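Please read the structure below before turning to the comments.
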Amino acid sequence: MIMKKIITRNELRDLLTKWQRGQITAEELNSLAGELYPNDEVGYEDWEADGESSVTNEVLAALDMMDMNLMVPEDVPAYLEFLNTPLGSFKEGYSKLRQCLQHINIEDRQVALSKIPFYKAFCE
């Protein structure tokens, strides 16, 4: 039996914080996420009782699509808060995250990011 690597919320908090502080680039973070999500050799520490919901999984999925979603370091606090969601409260935590993300002015963000190669394809 092959041992899965277990991704923890703390690992994702660390990566998000490094990105927010400018210690890693968006491209580096996205590349790391792409290696881990989706991947049968990776598991998550925080699956909910329904077996279908994991905060770690959702954050990793967002990082895997951060160029497409125009995710920037200013979004990190919302994801850190989501990572603090208690086990058993996924739906509530996810709802709060989605509410935060709905306040982003995508048109303004597209203009602001249109010259950055990492985001450019998703700003047209």
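A short reminder: the numbers here are calculations on the coordinates, not readings from a lab. Source: prediction; values computed, not measured. Positions of Cβ are generated from backbone atoms using ideal geometry, with glycine treated the same way; all protein chains shown enter the neighbour counts.
Provide the net charge surrounding residue 75, with neighbours chosen by a C-beta distance below 15 Å and charges set as Lys +1, Arg +1, Asp -1, Glu -1. Intermediate results must be reported in sequence, preceding the final value.
Numbers: positive: 13, 18, 21, 96, 98, 109; negative: 58, 64, 67, 74, 81, 108.
Charge balance near residue 75 sits at 0.
Counting only complete DSSP H runs, which helices of the chain cover 27 Å or more along their long axis at the Cα atoms and score a mean Kyte-Doolittle of 0.5 or above?
Values: long enough: none.
Taking the DSSP H segments of the chain (at least 27 Å long, mean hydropathy at least 0.5), we get none.
Long-range amide H contacts for residue 7: which residues qualify at under 5 Å (H placed 1.01 Å from N, peptide plane, sequence gap of 5 or more or a different chain)?
The answer is 43, 44, 45.
How large is the helix-only mean residue ellipticity at 222 nm for the chain, computed as the sum of -39500 (n - 2.57) over DSSP H runs with n ≥ 4, divided by its residue count, in deg cm²/dmol to the nearest 500?
Numbers: 7 runs with 66 residues, N = 124.
One gets -15500 deg cm²/dmol as the mean residue ellipticity at 222 nm.
Once R0 is set to 25 Å, what does the formula 1/(1 + (r/R0)^6) return for the Cβ-Cβ distance between residue 48 and residue 104, expressed as a FRET efficiency to the nearest 0.05? Mind dumping the intermediate values first?
Numbers: r = 26 Å, r/R0 = 1.05.
Efficiency for this residue pair is about 0.45.
Just flag the GluC sites (Glu not before Pro) in region 66-106 sitting in loop per DSSP whose Cβ has no more than 14 other Cβ atoms within 10 Å.
Numbers: sites: 74, 81, 92; in loops: none.
Answer in residue order: no site qualifies.
With the contact rule set at Cα under 8 Å and sequence spacing of 6 or more, what percent relative contact order holds for region 5-120? Walk me through the numbers before you get to the answer.
Values: 110 pairs, mean separation 31.9, N = 116.
Once divided by the residue count of region 5-120, the mean separation gives 28 percent.
Sort out the exposed loop trypsin sites (Lys or Arg not before Pro) in the chain (DSSP loop, at most 11 other Cβ within 10 Å) and tell me the longest stretch that has none.
Values: sites that count: 21, 115.
Maximal segment without exposed cleavage sites: 22-114.
In square nanometres, what is one fourth of the surface area of the convex hull spanned by the alpha carbons of the chain?
Details: hull surface 32.2 nm².
Hull-based average projected area comes out at 8.1 nm².
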